[in-house]
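Notes for the one structure printed next.
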Amino acid sequence: MKNLIITLITLLAINSNTAIAQKAKKTKTVIIKTSTECGMCKTRIEKAMAYEKGIVSSNLNIDKAELTVTYKPHKTDPDKIRLAISSIGYDADNLKANQKAHDDLPDCCQKDGMNH
Ligand SMILES: [Cu+2]
């Protein structure tokens, strides 16, 4: 009986490890260039990413102006992620920021040279 319990526990442990490994495999990471300027941008972008479907996590490097996004490829893709970034007012690689969203950003977060 004791052996059976140990076997069961071992099997459960192996199963959950496999499940975690499979889950980890199902995500992809993409690095997207943005037009971020400051810590407020970082908070804003990462918060927006948290609400996006299929995005597991995101981290913005302000110095490099690069957003690293981990996502589920069966739920979203880099183009959709770029569109989401553009829609809150930031450039995403070659995709330009949505002009209206950009203009609604605080002055310190707007891109240099985009004056009106
Ligand atoms: Cu900012």
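What residue, among those in the stretch 33-43 that are within 7 Å of the ligand (Cβ to nearest atom) and surrounded by 16 or more Cβ atoms within 10 Å (Cβ to Cβ), is farthest from Ser87 (Cα to Cα)?
Looking at the filtered set, the residue picked out is Glu37.
Could you tell me which residue of the stretch 58-76 is farthest from the ligand (Cβ to nearest atom), considering only residues that are part of a strand (DSSP E or B) and in contact with an Asp or Glu (Cβ under 9 Å, 6 or more places away or on another chain)?
Ranking the candidates gives Tyr71 first.
Report the residue count in the stretch 77-89 for those that are away from the ligand (no atom under 12 Å from the Cβ) and surrounded by 19 or more Cβ atoms within 10 Å (Cβ to Cβ).
5
Take the conditions touching a residue at least 12 places away in the same chain (Cβ under 8 Å) and either within 16 Å of the ligand (Cβ to nearest atom) or surrounded by 19 or more Cβ atoms within 10 Å (Cβ to Cβ) (or both) and apply them to Val30. Does it pass?
no
Of all residues in the stretch 85-116, count the ones that are touching a strand residue (DSSP E or B) at 6+ places or on another chain (Cβ under 8 Å) and in a helix (DSSP H, G or I).
Count: 2.
How many residues does the stretch 90-105 contain that are more than 19 Å from Lys64 (Cβ to Cβ) and either surrounded by 12 or more Cβ atoms within 10 Å (Cβ to Cβ) or among the hydroxyl-bearing types (Ser, Thr, Tyr) (or both)?
Final tally of qualifying residues: 8.
Between Thr27, Thr36, which is in contact with a helix residue (DSSP H, G or I) (Cβ under 7 Å, 6 or more places away or on another chain), at pLDDT 70 or above and not charged (D, E, K, R)?
It is Thr36.
Can you name every residue in the stretch 90-116 that is more than 16 Å from the ligand (Cβ to nearest atom) and either in contact with a Lys or Arg (Cβ under 9 Å, 6 or more places away or on another chain) or of a type in the set (Lys, Arg) (or both)?
Asp93, Asn94, Leu95, Lys96, Lys100
If the Cβ limit is 7 Å and pairs must be 6+ apart or interchain, which residue in the stretch 40-68 that is within 17 Å of Cys108 (Cβ to Cβ) and without any contact (Cβ under 8 Å) to a residue 12 or more places away in the chain pairs with which residue that is within 13 Å of the ligand (Cβ to nearest atom) and of a type outside the set (Lys, Arg)?
none
The values are calculated or read from the model by the stated rules, or taken from the named source; none is laboratory data. Model, not experiment: these values are computed from the prediction. Using ideal geometry, Cβ is built from the backbone for each residue, glycine included, and neighbour counts are taken over all protein chains shown.
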